[in-house]
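Chemist: Provided herewith is a single structure, encoded as structure tokens, for subsequent inquiry.
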Amino acid sequence: MKLTILGSGGGRYVLATQILRTSGVWLSHKNKEIFIDPGPCALRDALSLKLPLNKLTHIIITHQHLDHYGGAESVIESAYFYQHNKRNVTLITNTCMAGLHKGCDKLISTYHLSLLKNHVIVKPDDEYLEDIRFKFSPTLHHEKYGVGVRIDFKDISIGYPSDTEYFPEFSKYYKDVDVLILHFAIMNKESNEFRHASKEDIKKMISKTRASTIILRHFAPPVINYGIEKLSYEFKEMFPTKNIIFSQDLTTYNI
């Protein structure tokens with residue numbers, strides 16, 4: 001499997017300043033090419049890395065925050081172009097992205113939806129089955145309809161809880177994945193109106209999974225200012241049996 005971190009940053013300040021990119025995660029495995037949370041500049045960054053938009057199979061959007069969906073329509077249009085006007089892409093979104101709740105807007109245009117093979121709308125505990133399985137978890141986050149996702153291939157499982165604090169049922173969804181991608185935005189909970197994962201949350205999440213590889217991203221100013229390199233050293237000391245990766249922009253990891 002190849003896992004590409006297009007953007008290692010997240011949150012409003014990082015989105016506005018682009019001190020780190022906010023353009024999402026791309027998974028390549030077997031015959032699947034999956035773009036998760038394509039934020040602003042997702043298309044530019046995917047093209048710069050020569051990622052195979054001509055083979056894109058899925059786009060997943062976990063919640064209605066701009067750093068998670070801002071580049072989705074341009075990616076849909078580009079994939080349609082590079083796939084010679086064939087509708088090969090399945091879009092998976094949470095219910096808020098589809099405008100199904102008060103205060104939620106439908107944020108993918110009717111035109112762009114028409115360029116897709118399928119649009120699957122999910123909520124926590126839903127499953128979507130093809131020759132791989134997508135299983136969706138709840139989140140504790142500012143957008144209360146958000147989802148995390150577990151992707152089960154025949155030979156490897158990937159967990160992507162998305163933006164969330166730790167919650168008691170976390171291990172139910174992610175205890176036996178092989179790779180866990182975590183969003184580490186704040187150092188403590190003193191100022192956490194958007195309910196991002198703190199350092200203690202991240203430690204709990206790692207301790208509740210058997211995943212051998214942990215990839216951290218969605219860094220926001222509290223984490224950046226503390227020092228990503230320093231945190232990397234600390235977490236490798238805390239979890240010496242795991243492969244802890246504090247990700248970098250525009251970087252592909254072979255898992």
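Computed from the coordinates by the stated procedures, all read-outs in this text should not be read as laboratory data. Predicted model only: the values in this text are computed from it and were never measured. Cβ atoms come from the backbone with ideal geometry, glycine included; neighbour counts cover every protein chain shown.
Chemist: Given the criteria touching a Pro at 6+ places or on another chain (Cβ under 9 Å) and either of a type in the set (K, R) or under 21 Å from H29 (Cα atoms) (or both), does K123 qualify?
Modeler: yes
Chemist: Just give me the residues in region 75-86 being in contact with a helix residue (DSSP H, G or I) (Cβ under 7 Å, 6 or more places away or on another chain) and either surrounded by fewer than 20 Cβ atoms within 10 Å (Cβ to Cβ) or of a type in the set (S, T, Y) (or both), in sequence order. It would help to see each step written out before you state the result.
Modeler: Here is the first cut: in region 75-86, the residues in contact with a helix residue (DSSP H, G or I) (Cβ under 7 Å, 6 or more places away or on another chain) are 75-79, 82-83.
Within region 75-86, E77, S78, Y82, Q83 meet the criteria.
Chemist: Same structure, new question: Which ones in region 189-199 are part of a loop (DSSP other than H, G, I, E, B) and either among the basic types (K, R) or touching a residue at least 24 places away in the same chain (Cβ under 8 Å) (or both)?
Modeler: K189, N192, E193, F194, R195, H196, A197, S198 - these are the residues of region 189-199 that are part of a loop (DSSP other than H, G, I, E, B) and either among the basic types (K, R) or touching a residue at least 24 places away in the same chain (Cβ under 8 Å) (or both).
Chemist: Still on this structure, please answer the following. Identify, from the list I202, I206, the residue that is assigned to a helix (DSSP H, G or I), hydrophobic (A, V, I, L, M, F, W, C) and farther than 17 Å from G10 by Cβ.
Modeler: I206
Chemist: How many residues, within region 125-161, are farther than 21 Å from N254 by Cα, of a type in the set (S, T, Y) and buried (at least 23 other Cβ atoms within 10 Å of the Cβ)?
Modeler: Adding up the residues that qualify gives 2.
Chemist: Hey, could you check region 226-255 for residues that are in contact with a strand residue (DSSP E or B) (Cβ under 6 Å, 6 or more places away or on another chain), closer than 30 Å to K50 by Cβ and without any contact (Cβ under 8 Å) to a residue 24 or more places away in the chain and say which is surrounded by the fewest Cβ atoms within 10 Å (Cβ to Cβ)?
Modeler: Per the stated criteria, the residue is S232.
Chemist: For region 82-124, which positions are touching an Asp or Glu at 6+ places or on another chain (Cβ under 8 Å), of a type in the set (A, V, I, L, M, F, W, C) and farther than 21 Å from T57 by Cα?
Modeler: C96
Chemist: Please enumerate the residues belonging to region 109-143 that are without any contact (Cβ under 8 Å) to a residue 40 or more places away in the chain, within 26 Å of G11 (Cβ to Cβ) and part of a loop (DSSP other than H, G, I, E, B).
Modeler: S109, K123, P124
Chemist: Of the residues L27, L47, L56, L43, only one is over 13 Å from the mean Cα position of the chain (by Cα) and within 20 Å of Y160 (Cβ to Cβ); which? Outline the logic, then answer.
Modeler: Details: L27 fails: over 13 Å from the mean Cα position of the chain (by Cα); L47 fails: within 20 Å of Y160 (Cβ to Cβ); L43 fails: within 20 Å of Y160 (Cβ to Cβ).
Answer to the check: L56.
Chemist: Take region 48-65 and flag every residue that is of a type in the set (V, I, T) and buried (at least 24 other Cβ atoms within 10 Å of the Cβ).
Modeler: Matches in region 48-65: I59, I60, I61, T62.
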